[in-house]
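Structure first, then comments.
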Amino acid sequence: MSGELPNFHPDCCEKVARIAAVANVFLLVVQVFILVAVSPTQCLGWQIPNKLGSSSLWGIVAIAAFGVVISVYRALTWKKFVQRSIYGEGEEEPSRFPPIGPREAINRLVGFDESLRKQVITDQLFLAVNVGWTLFCGFPLFLMLGVCVGWPKP
């Protein structure tokens, strides 16, 4: 366990980031495959009708692809991310602000007092954020299957 943040295990979080990145890439590949190979039954040309006209699923998948790129980048550069974000090592430029430690920075940023900060379970929070990010990246798949393909059928 790190001495800087309570309940933070960088190796565990790295595994979570890598699993989330693989899941996001898989979801993106499935989405592109469906867009290319499957003929929609209800959305002609993969256009979702709405009040203002229609929205292309290709655009929604492109937004999700940007989220996948961020997820993969974070997983591939995890050690550098931890060093810069948590421990503040490897800074090229001197800071304009007076030097403070990570503990003081977190307290100022989040506004926690010391008793609340010790209760934060960093690993579980990181897991929850990654699950949410994966759901965001998989949202176009739910649109494709539910709205355009009409699956699952009742």
> How much length is gained on full extension from V29 to L52, taking 0.36 nm per residue of separation minus their Cα-Cα distance?
Replying inline: 5.4 nm
> Semi-axes of the stretch 1-73's equivalent ellipsoid from the Cα gyration tensor, sqrt of 5 times each eigenvalue, largest first, rounded to whole Å?
Replying inline: 37, 14, 8
> By how many nm would the segment from V38 to R84 grow when fully extended, if each residue of separation counts as 0.36 nm and the alpha-carbon distance is taken off?
Replying inline: 12.2 nm
> For the stretch 55-69, in order, what is each residue's ³J(HN,Hα) by Karplus, 6.51 cos²θ - 1.76 cosθ + 1.60 with θ = phi - 60°, in whole Hz (x at glycine and Pro)?
Replying inline: 10, 7, 5, 4, x, 5, 5, 5, 5, 5, 5, 4, x, 5, 4
> In what sequence, highest mean first, do 14-23, 36-45 appear when ranked by Cβ atoms within 10 angstrom?
Replying inline: 14-23, 36-45
> Taking 0.36 nm per residue of separation and subtracting the Cα-Cα distance, what length does fully extending V69 through A128 add?
Replying inline: 19.4 nm
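Any read-out appearing in this document is the output of simple, stated calculations on the displayed coordinates, not a laboratory observation. The structure presented is a predicted model; accordingly, all values stated were derived computationally and were not measured. Note: ideal-geometry Cβ built from the backbone for every residue, glycine included; neighbour counts use all protein chains shown.
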